[in-house]
1. Extending each Cα 7 Å along its Cβ direction at residue 40 and residue 84, get the distance between those two points in nm, one decimal.
2. Dipole of the chain, Cα-centred, from +1 at each Lys and Arg C-beta and -1 at each Asp and Glu C-beta, to the nearest 20 debye?
3. What residues have an amide H closer than 5 Å to that of residue 26, excluding those fewer than 5 places away on the same chain, when H is modeled at 1.01 Å from N in the peptide plane?
4. Given the pairs 46/94; 47/67; 38/97, which are separated by over 21 angstrom at their Cα positions?
5. Rounded if a/c is under 1.5, else prolate if a/b is larger than b/c, else oblate: which is segment 69-118, with a ≥ b ≥ c the root eigenvalues of its Cα gyration tensor?
6. Which value at 222 nm does the chain reach when only helices count, each DSSP H run of 4 or more adding -39,500 (n - 2.57), with the total divided by all residues and rounded to the nearest 500 deg cm²/dmol?
7. Please report the orientation-averaged projected area of the chain, defined via the convex hull of its C-alpha atoms, in nm².
8. Can you run phi through the Karplus equation (6.51, -1.76, 1.60; θ = phi - 60°) for segment 48-59 and list ³J(HN,Hα) in whole Hz, with x for Gly and Pro?
Amino acid sequence: MLVIQEAAEMYLKTILRLQQSTGYVRSVDIAREMNYSKPTVSEQMKKFRENDFITIEPDGQILLTDKGLAIAKRTLERHHVLTDILVKIGVDEKTAKDDACRIEHYISRQTFECLRKYFDA
């Protein structure tokens with residue numbers, strides 16, 4: 001299994017969420033969404049392109065490759081399931097989302113699957 005850093009997972013998850021909500025993603029959209037500078041995002045997109053996580057169309061549109069999409073989907077799924085579990089045990093929704101965002105990057109596959117099964121999430 002490929003292991004990537006938390007920041008990279010956050011970028012990929014953001015790209016997926018933007019694609020789902022708007023259908024079109026550019027570096028400026030990611031910068032705005034993540035509150036990063038455009039040069040910072042551009043540098044990360046260059047690394048993602050080099051590592052086959054994204055492609056960039058001539059018009060600047062950013063598309064996830066199968067490799068990038070798999071990571072983004074896994075991260076987003078963990079976020080949703082962990083948020084649901086935390087809310088089920090009584091954590092307020094905002095705190096649950098914030099905590100899930102941190103936990104999703106470090107929880108093992110085994111622990112995640114056991115939590116999902118236990119909480120029927």
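FYI, it's all coordinate maths here, none of it is from the lab. The shown structure was predicted, so the numbers you read here are calculated from the model rather than taken from an experiment. Quick reminder, even Gly has a Cβ in these numbers, built from the backbone with ideal geometry, and neighbours come from all protein chains shown.
1. Rounded to a tenth, the inter-label distance reads 3.2 nm.
2. For this selection, approximately 80 debye.
3. 62
4. Too far apart for the 21 Å limit: 46/94; 38/97.
5. Since a/c reaches 1.5 but b/c is at least a/b, the shape of segment 69-118 is classed as oblate.
6. -21500 deg cm²/dmol
7. 7.8
8. For segment 48-59, the Karplus curve yields 4, 5, 5, 9, 6, 9, 9, 10, 10, 6, x, 7 Hz.
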